[in-house]
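This report concerns only the one structure given below.
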Amino acid sequence: MAAMATAEQAEHAASRARNGLRRAPKPRAERAQDAKVDIGCLPRFLGYNLRRAHLCVWRKYVALIGENNIRPGLFSALVLVGSNPGIAQIELGRHLGVDKASMVALLDRLEKAGLLDRQRSTRDRRRQGIFLTNKGVDELQSLIAQVRTLERQISNRFTRAELDQFLGFLQRLYA
């Protein structure tokens, strides 16, 4: 009888394990306020490290340029439009990794700020070319100078060769 109860308990435990259920942990002692945090396996995960690096750069960007001004995604869009006058919305979205609906909202925001203009193509009425306005050109030049300053602050932790290699590794992820 005892063997049967043990077998049932083992089966019940195995069933719970398969379904991801575990017993509630026993109450434990309160953690010391100044205890060092063990971050476990996180340092070995690429995603965790990319996110931490992203947050670090984001905070520095916001501190330099301001949170309510042109955010990094908008900056990237301005750079692409400035470098490719008349670029189509779909091309812009593809190079930014942004879906169609989000791209429309992004362009609406930049257009409302007076930084870019959309012009209907004379060859294909479905297509709109995107251009910087004079204000957009001036704003982009100012932003590029600020972002270069930020990039120098961030990249000074690497040698030129290390930075080139690091950028190559990152670009492999989204190529």
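All of the numbers you see were taken from the coordinates with simple rules; none came from a lab. Keep in mind that this is a model prediction, so the values were computed, not measured. A quick note on method: Cβ atoms are made from the backbone with ideal geometry, for glycine too, and the neighbour counts reach across all protein chains shown.
Explain nothing, just the number: dipole magnitude of the chain about its Cα centre with +1 on each Lys and Arg Cβ and -1 on each Asp and Glu Cβ, in debye rounded to the nearest 20. Write down the numbers at each step before the final one.
Details: 30 positive and 17 negative charges, 50 e Å.
Magnitude of the dipole: close to 240 debye.
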Shape category assigned to the range 136-175 from the gyration tensor of Cα positions, a/c cut at 1.5: oblate
Positive-end extreme of charge dipole, the range 45-159 - chosen from Ile70, Leu140, Leu46 (charges on Cβ): Leu46
Efficiency of FRET from Cβ geometry, Ala63 and Leu167, R₀ 25 Å, rounded to 0.05: 0.65
Set of lysines with alpha-carbon distance to Lys100 below 21 Å, sequence-local pairs under 8 removed: Lys112
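Tell me, Kirkwood radius of the range 21-68 from alpha-carbon pair distances, in Å? Let's see the in-between values first.
Details: mean 1/r = 0.0687 Å⁻¹.
When all Cα pairs of the range 21-68 are included, the Kirkwood radius is 14.6 Å.
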Nearest 10 degrees, 0 to 90: helix 100-112 Cα axis against the chain principal axis: 50 degrees
Extension gain (nm, one decimal) between Lys26 and Asp124, 0.36 nm per residue minus Cα-Cα: 28.5 nm
Column: log10 I(q)/I(0), Debye, Cα scatterers of the chain, q = 0.14, 0.19, 0.20 Å⁻¹: -0.92, -1.34, -1.41
Relative contact order (%) - criterion: Cα under 8 Å, at least six apart; region: the range 45-159: 27 percent
P(r) of the range 91-154 over all Cα-Cα pairs, binned every 10 Å from zero, in whole percent: 19, 39, 33, 7, 1
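At a Förster distance of 41 Å, what's the computed FRET efficiency of Ala145 paired with Asp34, Cβ-Cβ distance as r, to 0.05? Each step should come with its number before you reach the end.
On the way: r = 43 Å, r/R0 = 1.05.
Rounded to the nearest 0.05, the efficiency is 0.45.
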